[in-house]
1. Answer rounded, prolate or oblate for the stretch 1-92, using the Cα gyration tensor with square roots of eigenvalues a ≥ b ≥ c: rounded when a/c is under 1.5, else prolate when a/b is larger than b/c, else oblate.
2. Along the positive direction of the dipole of the chain (beta-carbon charges: Lys, Arg +1; Asp, Glu -1; about the Cα centre), which of V50, Q99, S174 reaches farthest?
3. With unit charges on the beta carbons (Lys and Arg positive, Asp and Glu negative) and the dipole taken about the Cα centre of the stretch 1-124, which residue among N40, N59, N4 sits farthest to the positive side?
4. Would you mind classifying the stretch 18-68 by shape? Square roots of the alpha carbon gyration tensor eigenvalues, ordered a ≥ b ≥ c; an a/c under 1.5 is rounded, otherwise it is prolate if a/b is larger than b/c and oblate if not.
5. What value, in deg cm²/dmol to 500, does the helix sum -39500 (n - 2.57) over DSSP H runs of n ≥ 4 give at 222 nm once divided by the residues of the chain?
6. First select every other residue whose beta carbon is under 13 angstrom from the beta carbon of S122; then total the charges, Lys and Arg +1, Asp and Glu -1.
7. Which of the trypsin sites (Lys or Arg not before Pro) across the stretch 118-178 are loop residues per DSSP, with 14 or fewer other Cβ within 10 Å?
8. Give the peptides 66-73, 149-156, 133-140 in descending order of average Cβ contacts within 10 Å, highest first.
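Nothing in this text is a laboratory measurement; each read-out follows from the coordinates by a stated rule. Since we're looking at a predicted model, the values are computed, not measured. Cβ coordinates were reconstructed from backbone atoms using ideal geometry, including for glycine residues, and neighbour counts include every protein chain displayed.
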Amino acid sequence: MGSNLTGAIINADETFLTTLSNKGIYNRALKEYESSIVKNIEIDDNGESVKAEFTDGVNIIMTGSIQNYKCTCPSRTACKHLVTAIIAAREKLRENDNQNQNENENEADIESYITAVHGIKSALANIDESKLSGFALELEKAGKERNLAVIADETPAFMNDLQTLVENLKAKESEGVN
Ligand SMILES: [Zn+2]
């Protein structure tokens, strides 16, 4: 996705759409979009064509560019279906973009989680805390398997154990000093 067509659609703002048609058609199209007159919107995988189906039975398809469209209504100029279809496709594309962004962010989060527990695991092994180090290993595995349920369930307990260990170590240290 990133073709000329979807690129143009995602950037289609009010100015563009009123220039493409006119203010009246734009306003009507926006209203109709909001009242869910678009029954189905289909954007093919490479973004080269966009199809919209309306509840009144009209169909429109854009291929390669916004200007290259075919609508089944009788209008011979840029019709409200075209504008409505562009708005519907634009909203769908933006929604997909947001979803992808969220997925990327989650992916980055889980990668830093894995890195963190991996580091803690090694540090624990170095001080012979094998039980807790094993716990960290399990969390690292869960991260690699993208097992979010285990991560969410077990991480708080792990953090607790870690906190207890730190407190014990501190206590030992001050005993040593005294
Ligand atoms: Zn039309």
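1. Verdict is rounded for the stretch 1-92.
2. Highest projection toward the positive end goes to V50.
3. N59
4. Oblate, because a/c is 1.5 or more while a/b does not exceed b/c.
5. Working: 6 runs with 118 residues, N = 178.
Calculated at 222 nm, the ellipticity per residue is -23000 deg cm²/dmol.
6. Surrounding charge for S122 is -2.
7. Listed in order of number, the matching sites are R146.
8. 133-140, 66-73, 149-156
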